[in-house]
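Only one structure is covered here, and it is reproduced in the block below.
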Amino acid sequence: MYVNFKLGSSTVLNLGKYILRQLSTKANPLFPWNSRITTYFKKGDLKNARRLFDEMPQKNVVSWNCMISGYSKNGMVCEARKAFDLMPSKNIVSWTAMLSGYAKNGRLEEARSLFDAIEDKNVVCWNSMISGYVCNGKLEEARALFDVMPVKNDVSFAIMIEGYFQYGITREAKKLFDESWNKSVFLCNAMLAGYSEMRCVEESYGLFMRMCKRDSASWTSMITCFFRVGDIERARKLFEEMPEKDVVAWTAMIRGYLNYNKIELAQDLFNRIPDRDVIAWNSMLVGYVENGKLHEALDLFMRMSMRDIVSWNSILLGYVQQEDMTSARKFFEEMPRKDESSWNTLICGYLGEEALILYIRMLQNGFKPNQVTLTTVISVCGVHSLQLFGRGMHNFVVKNGYEIDRMITSSLISMYSRCGFIREANSVFEKMTNCDTVAWNAMIVAQAYHNSAEEALNIFSRMIQAGSQPDHVTFLVLLTACAHSGLVSEGWKYFSLMEQWNLIPKPEHYATMVDLLGRSGLLAEAFELVKKLPVDLPAYAWEALLSACRVHENFELSNFIAQKLLSSQPSNVGMHVLQSNIYSVHGMWKDAARIRAMLQQQQLKKELGWSWIEINGHVSCFSYNDKSHTQSNDIYRELERLAVLVQEVGA
């Protein structure tokens, strides 16, 4: 009997997966074991991956390769090498997996040594080594190896082209593309993506129009490029001309509109999608969250016919961005499934001890911290001067092979610096290879805030010699170092140098220059700079100038500044207190009393400053006239003894 029935697309897909799974299992009984090992590694669960591997009744070369790749991708290169050395037999995949593991983890010497030891190299081996050089910023070494390749394919050209674009060398990317003999769609798409990243819209469009054949990625790259330069109309027009639109193209358009706050256009496009999948839903959801529209995001979330971990994480991020940590924590606990991103989002929302507690919970639940986790937790240790916990984090970083991550090592430099351990900060910095701008800035900051202006300026010179590009943060820190050490001429020098690097000074740069001049007693020069500013000076800069007027006893200028600021910021308690102190210094008791009375009448209070110290893992906090500490009597007794000692030494 013949029965005619029709299967839905999802049913066909699931049936296909089932048949493939059955065929794979029958053809290779080790397939389920190897698949589960790979899954454990993807989740960062190295312990269970190793346990399953050890329990296998027999192992094949694929099993060993899974271990090598899994360890390498989780930063455990030494464990990967142990597995590689223990393999009873190796194939070219084994050699390539180990090679890629070394290269992707920044261990280029070992990678090159292994590469040279491979007798029968195929194009994948060559591409892996070249990719390793590119990923670690060694473009010259990558190109030298590329040039002697016996056989090149499209991937070889694409790796080099993407590397050139990654480091802004557009001319070399174009030159290499022109030299390639096979202008395939794949290679053209690599150029389109690079042009898009560099915002070379006309070059990108010219190539797009010359392509004999285009796929969905070609159209999407060109649409993205138009959005990146703000040409929304051309992006829309190209999208409408697209012969076959897939979910990636629809998502690119929606994201493009949302990036320019065109929420209604994005919503209209979202409603036109013929078959919405979870990616389409999430694109709209993420857009709402990124534009601060949590209410709309929650409404969409409740209407979603399907949700994945991205959907849940997006709402969690929305709560965190709104600083509604109570709702964020409640939502987090209700999530049916959590991943590393879920934990990272919640940890980033906390700025104190709770972030460290969550980090420990994350480890206890078997999740592997990544760059975001470690950078956030290390930063919290620095902000709160928790040097013992910070040192523990440093040990974790070293033990798990994260030392090559420049963002993490930069956060370690900042942490040690904030905790007062400049020697340790310098040790971390000197061990780094291929320092980026963030790392150089972190070390300049460390020296600047430890009153080592000369050393900070020397590090900047080393940074330029190394070929790194300074940014706004670099110059802000240099100016701060000059301000703390009274280096007026050097401050003007670096302030003027910004133009050479095509950097337009921001309000904070002007504020630091005003602070530098004020600290040095050049009040008239500071005030002249203020009057010429093309930007509004931040309130803290005016306070710094007013404080300098008090120190250098320029009553006339201080009174003018105070009157100007208090009229525009009547609730600025710090400014009122500072002005009251200036009146007191000049014997103007009635004016000082008037300001104090006004503050009391309006119930305005200056926010108390806090300091804290970590001793044996316990953090003690202190504020002005604070007696809440259990040993406050002993503390004040010691302070009195020190005060007497200081007076005696001064006398």
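The values are calculated or read from the model by the stated rules, or taken from the named source; none is laboratory data. Quantities reported herein were computed from a predicted structural model and do not represent experimental measurements. Counting neighbours? That spans all protein chains shown, and the Cβs are built from the backbone with ideal geometry, glycine included.
A few points about this structure:
- Of all the listed residues (G401, G366), the sole one being surrounded by fewer than 16 Cβ atoms within 10 Å (Cβ to Cβ), among the small types (G, A, S), at positive phi and part of a loop (DSSP other than H, G, I, E, B) is G366.
- Restricting attention to the stretch 305-320 and to residues that are closer than 13 Å to N344 by Cα and of a type in the set (S, T, N, Q), the residue that is surrounded by the most Cβ atoms within 10 Å (Cβ to Cβ) turns out to be S314.
- Any chance E79 is among the acidic types (D, E), buried (at least 18 other Cβ atoms within 10 Å of the Cβ) and either part of a helix (DSSP H, G or I) or within 31 Å of the chain's Cα centre (by Cα) (or both): yes
- Annotation note: Cβ proximity below 7 Å between a residue of the stretch 208-236 that is in contact (Cβ under 8 Å) with a residue 60 or more places away in the chain and surrounded by fewer than 18 Cβ atoms within 10 Å (Cβ to Cβ) and a residue that is among the hydroxyl-bearing types (S, T, Y) and not in a loop (DSSP other than H, G, I, E, B) (sequence gap 6+ or interchain) occurs for no pair.
- Residue selected from the stretch 132-151 under the condition over 29 Å from the mean Cα position of the chain (by Cα), surrounded by fewer than 19 Cβ atoms within 10 Å (Cβ to Cβ) and closer than 23 Å to N189 by Cα, by the criterion modelled with the lowest pLDDT: V151
- Residue match in the stretch 44-65 (condition: under 30 Å from T409 (Cβ atoms) and touching a Leu at 6+ places or on another chain (Cβ under 9 Å)): no
- Residue check for N313: among the polar types (S, T, N, Q) and out of contact with any Leu (no Cβ under 8 Å at 6 or more places or on another chain): yes
- Restricting attention to the stretch 431-465, the residues that are part of a helix (DSSP H, G or I) and within 24 Å of L386 (Cβ to Cβ) total 10.
- Close contacts from the stretch 505-526, counting a first residue that is assigned by TED's automatic domain parsing to the domain that holds Y540 and among the β-branched types (V, I, T) and a second that is modelled with pLDDT of 90 or more and surrounded by fewer than 21 Cβ atoms within 10 Å (Cβ to Cβ), with Cβ to Cβ under 9 Å and a gap of 6+ residues or different chains, come to T512/F495.
- First in the stretch 365-382 and over 8 Å from S411 (Cα atoms), second anywhere and assigned to a helix (DSSP H, G or I) and of a type in the set (K, R), Cβ under 7 Å, 6 or more apart: G382/R418
- Residue match in the stretch 60-78 (condition: among the basic types (K, R) and at pLDDT below 80): no
- Of all residue pairs spaced 6 or more apart or on separate chains, those with beta-carbon atoms under 9 Å, a first member in the stretch 88-105 that is aromatic (F, W, Y) and a second member that is not in a helix (DSSP H, G or I) are W95/I118; W95/K121.
- Being assigned by TED's automatic domain parsing to the domain that holds A103 and modelled with pLDDT of 90 or more is a property that A190 lacks.
- Residues in the stretch 336-363 that are exposed (fewer than 15 other Cβ atoms within 10 Å of the Cβ) and either more than 20 Å from C381 (Cβ to Cβ) or hydrophobic (A, V, I, L, M, F, W, C) (or both): P336, R337, L351, I357, I360, L363.
- Residue pairs meeting the criteria (Cβ under 6 Å; at least 6 apart or on separate chains; first outside the structural domain of V124 (by TED's automatic domain parsing) and of a type outside the set (D, E), in the stretch 155-171; second assigned to a loop (DSSP other than H, G, I, E, B) and buried (at least 17 other Cβ atoms within 10 Å of the Cβ)): F157/S180
- Checking V377, V320 one by one, the residue that is within 23 Å of V428 (Cα to Cα) and aliphatic (A, V, I, L, M) is V377 and no other.
- Pair list, Cβ < 6 Å and 6+ apart or interchain, from the stretch 246-260 residues that are more than 16 Å from M222 (Cβ to Cβ) to residues that are not in a helix (DSSP H, G or I): V247/D277
- Residue within the stretch 438-452 that is in contact with a helix residue (DSSP H, G or I) (Cβ under 7 Å, 6 or more places away or on another chain), assigned by TED's automatic domain parsing to the domain that holds L529 and among the aliphatic types (A, V, I, L, M) present: no
- Residues that are β-branched (V, I, T) and within 18 Å of C435 (Cα to Cα), drawn from the stretch 126-162: V134
- Pick from the stretch 429-459, criterion free of Cβ contacts under 8 Å to residues at least 24 places away in the same chain and hydrophobic (A, V, I, L, M, F, W, C), ranking: farthest from D405 (Cα to Cα): I459
- Counting only helices (runs of 4 or more DSSP H) wholly contained in the stretch 240-355, the ones carrying 2 or more residues that are of a type in the set (F, W, Y) and outside the structural domain of G366 (by TED's automatic domain parsing) occupy 247-259, 278-290, 309-321, 325-334.
- The set of residues from the stretch 115-131 being surrounded by 12 or more Cβ atoms within 10 Å (Cβ to Cβ) and part of a helix (DSSP H, G or I) comprises F115, V123, V124, C125, W126, N127, S128, M129, I130, S131.
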